[in-house]
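Taking it in order: structure first as structure tokens, then the write-up.
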Amino acid sequence: MDATFEEEAEQSVTLNEYLEQVEERELEVDLVLGGDDGKECTYGKGYLKRQAIFSCLTCTPDGNAGICTACSLSCHDGHQIVELWTKRNFRCDCGNSKFGGFYCKILPNKDVENTENSYNHNFKGSYCTCGRPYPDPDVEEQVEMLQCCLCEDWFHEEHLGLESSDEIPRDEEGEPLYEDLICKPCSEVCFFLNLYPKSIWAVGKQLDATVKVSKDKGVLEDKPSTGKSEDLTGDTSNNSPKAVDAKDTVDSESVSGGKSMLQVGHVNGGKCVDIAESSDMKVDCVLGVDIAAVSPVLPGKTMFLSKNWRDALCKCNKCMEFYREKRITFLTDKEDSIAEYERVAKQRREANIEQQEGAELSYFNNLGHVEKVEILKGIQEMKDGLLSFLECADTSKPITAADVHQLFDNIKKKRRRDDVK
């Protein structure tokens, strides 16, 4: 068989397959951009909860600035752009003091600096603990990277600190069964998640003990699972000062003044830890404990959270105070999640498609009778020509570009013959 024919046969796709691929690519872009059409700079909207952000290494090689979609297209066309997917609580930097004498073409009048913006090594085009770029020019096959919902860095599976990639909750098709991931370093900040029922964890989580809240007693109790036991303080083989100090500072002591004791079922060095209930703790706390007092308990492993896990987080005054201190209050905001961001993006996409279809129908209805007949006639000619072409086509051979050109030439010739008649 001819080599050229073999190559064309391998690259051939059906019309439905091609349209599905186009639809998938458009949807993927819309999910990243959140429905942003890229026509106006988002600076005027302030610090958005989440938006698509890019870094221009041509203008800011130090990776200390981020720009919105519109500015990446209008102001930095032809520059070396790094796509960062989405970032939270971010305001477009384009044209501010970090860009020297370069001004934003869309909104030139901006503050000197956006003080609430946060930057990490992603803005330099580096990701994961290995600091490699993406796509990685030294790798033949690019692998999917996973994002932490706290630090928003991206990680390779092999650098998540897991014993095996099988620990990542996935279905039989390889699709993720978790909504959010919290990387190993960030898990130290989110130790308190181990106090919640196992329902917040995606299937396949690696922690072997779960905590059950007893409504009758108002305490947290350990509910061991089957399988080998594991120290919830995590792996401290690296002698992390944070981890070591945390383990040494917990102490059980009696509290006078009539304050009740809450027995918390944390396995900490083989002993249970009693935490005194604070007098200023709200009785409506989901956990019933002051999580700041149990901060020594560290998971030390990557966390995989189930769908809607944020809804389970306690929002009492004491817990909210802790979130603010750790600067993680965004975890209690459902609109912060990627899942919610993509849901809204899909809604906007569907609304735009419906609006576009409505505009096309309105345009057609406003045409005169002759114009309408011409359009409908053209559509019918296209259908007849395509049907005739498919009936005569050799099904053993792929359709080439030359075949498509011939199709349209035949339609034009038929129209000219009809016009002569």
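The values are calculated or read from the model by the stated rules, or taken from the named source; none is laboratory data. Quick caveat: nothing in here was measured; it's all calculated off a predicted structure. Here Cβ is always computed from backbone atoms with ideal geometry, including for glycine, and neighbour counts include all displayed protein chains. Heads up: the accessible areas ignore ligands, DNA and RNA and are worked out on the full protein's heavy atoms, side chains in. Shrake-Rupley method; radii C 1.70, N 1.55, O 1.52, S 1.80 Å.
What is the packing order of peptides 179-185, 115-121, taking the mean over residues of other C-beta atoms within 10 Å and listing the highest first?
Descending mean neighbour count gives 179-185, 115-121.
Order of 60-68, 317-325, 149-157 by packing, highest average Cβ count within 10 Å first?
Highest-to-lowest ranking by the protection proxy: 60-68, 149-157, 317-325.
Got a sec to turn the phi values of the stretch 195-203 into Karplus ³J(HN,Hα) couplings, 6.51 cos²θ - 1.76 cosθ + 1.60 with θ = phi - 60°, whole Hz, x for Gly and Pro?
Listing the rounded values in order: 7, 8, x, 5, 5, 7, 8, 5, 4 Hz.
With a 1.4 Å probe and every protein chain left in place, work out the accessible area per residue of the stretch 300-372 in Å², rounded to a whole number.
The answer is 61 Å² per residue.
What's the carbon and sulfur percent of the stretch 277-421's accessible surface, probe 1.4 angstrom, rounded to a whole number?
Carbon and sulfur atoms account for 53 percent of the accessible area of the stretch 277-421.
Take each of the peptides 101-112, 347-358, 364-375, average the number of other beta-carbon atoms within 10 Å over its residues, and list them starting from the highest.
In decreasing order of mean packing, 101-112, 347-358, 364-375 become 101-112, 347-358, 364-375.
Which whole-Hz ³J(HN,Hα) couplings does the stretch 380-393 yield from phi under the Karplus relation 6.51 cos²θ - 1.76 cosθ + 1.60, θ = phi - 60°, glycine and proline marked x?
Residue by residue, the stretch 380-393 yields 5, 5, 5, 5, 5, x, 5, 5, 4, 4, 5, 5, 8, 5 Hz.
Heavy atoms only, probe 1.4 angstrom, no DNA, RNA or ligands counted: give me 178, 43 ranked by accessible area, highest first.
178, 43
Which one of 108, 146, 159 is farthest out on the positive end of the charge dipole of the stretch 85-160, using unit charges on Cβ (Lys, Arg +1; Asp, Glu -1) and the Cα centre as origin?
The listed residue farthest towards the positive side: 108.
Which cross-chain or sequence-distant (5 or more) residues have an amide H under 5 Å from the amide H of residue 129, H modelled 1.01 Å from N in plane?
Distant-sequence amide H within range of residue 129: 156.
Please list 3J(HN,Hα) in residue order for the stretch 164-178, calculated via the Karplus relation 6.51 cos²θ - 1.76 cosθ + 1.60 where θ = phi - 60°; whole Hz, with x for glycine and proline.
8, 5, 5, 6, 7, x, 9, 8, 5, 8, x, 7, x, 9, 10
Given H placed 1.01 Å from N in the peptide plane, which residues other than close sequence neighbours of residue 147 have an amide H under 5 Å from its amide H?
Excluding prolines and chain starts, which carry no amide H, the hits are 155.
Can you tell me the FRET efficiency between residue 348 and residue 23 if r is taken as the Cβ-Cβ distance and R0 is 22 Å, rounded to the nearest 0.05?
0.85
Over the stretch 52-169, give the accessible area per residue in Å² for a 1.4 Å probe, as an integer.
49 Å²
So, with a 1.4 angstrom probe, what is the percent of accessible area on the stretch 81-209 that is carbon and sulfur?
48 percent
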